[in-house]
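S.K.: One structure coming up, written as C-alpha cells, with questions to follow.
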Amino acid sequence: MPDDCAVGSIRIGTGNDYPDHEGRHTARSYLRSPFYSTIQYVDLSQSPTAKPRRYPIGEIDRIVMVGLDGDTVNYVREIRYRMFKSNSPDTKKEKGRYRMPVLFREDYRGKDGIALLTEFRETEQTTGLRTALQKERWCYVKLKDEPAARVLSVSTAGENPESTQKNFVRFAKQTFANYPDLVQRIESNEFSVKDPLKLVKAYEAIVTY
C-alpha cells in the first residue's frame, strides 16, 4: 500500500469531526503512513501535504479505501485469536487463547457476526547477510457469535500451491472441528483455498437456517 493513498472515509471511535448516527465520527482524509493489517496506528491528513493526525488502532472502527476508479475496499477492526503467545500489550487472554486487534480487509459479512476476513502481514526474513521483506496473506473466519476470528489459510508469494491447499485443509478442519459433516467435506477437497467464501457460506447454511 503506498504511503500517500486517498482514503474515502475512516470511522473513528472518539471525537466529533463528522458525527454519524452511532455517535462516532467519520473523517475523510488522505493516508500518510504505511498500511497493513497489524499496524498500531494510521496517520491521516485533510490534504496530501497537510500536517497528519495520528489515530491509534483502538480508535478505529472501519477504513474505506477509495481507488481512482471509485471502487472501494473495506477494512474493519476485529479481534483474531493468536496461534502463539505474544508479549504485546494489546494482546489479551480469553479462554486459553491469546487475541489481538487487527485491521482486516472485510471480504464477506453474513448473519450473526459471521465474516470472512483477510489479514496482510509483513515479516523480515534473514538469510546470511541478506534481509528481505516477506508479505503474507492470512484468511480468517469469524464464527457465529464468537468474539474473535479463527485462521483458515496462509499464503506467501512463490509458495507451492499444493502446500497452500494442504495448509488450508489443516486449518479449516481445526476451525470447524465441531461440525463433523463439514470436516468430511473439507477432507474430500470440496473446498479450495482459492475460494474460501464457498466454505464460509457452507458453514453459514448449517448454523443460520
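Only the coordinates and a few stated rules stand behind these numbers; no lab work does. This structure is a prediction, so every number in the text was calculated from the model and none was measured. Virtual Cβ from ideal backbone geometry, glycine too; neighbours counted across all protein chains shown.
S.K.: What spacing in nm lies between the two simple spin-label points modelled at Glu190 and Gln134, each 7 Å away from Cα in the Cβ direction?
M.R.: 3.3
S.K.: State, to one decimal in nm, how far the label point of Ala177 lies from the label point of Asp145, with both points 7 Å from Cα in the Cβ direction.
M.R.: Output for this residue pair reads 2.1 nm.
S.K.: Moving to a separate point now. Apply the a/c threshold of 1.5 to the C-alpha gyration tensor of segment 95-209 and tell me whether it is rounded, prolate or oblate.
M.R.: It comes out prolate by the Cα gyration axes.
S.K.: Something else now. So which of Lys135/Lys173; Lys144/Lys166; Lys142/Lys198; Lys173/Lys198 end up more than 22 Å apart by C-alpha?
M.R.: On the way: Lys135/Lys173 25 Å; Lys144/Lys166 25 Å; Lys142/Lys198 14 Å; Lys173/Lys198 15 Å.
Exceeds cut-off: Lys135/Lys173; Lys144/Lys166.
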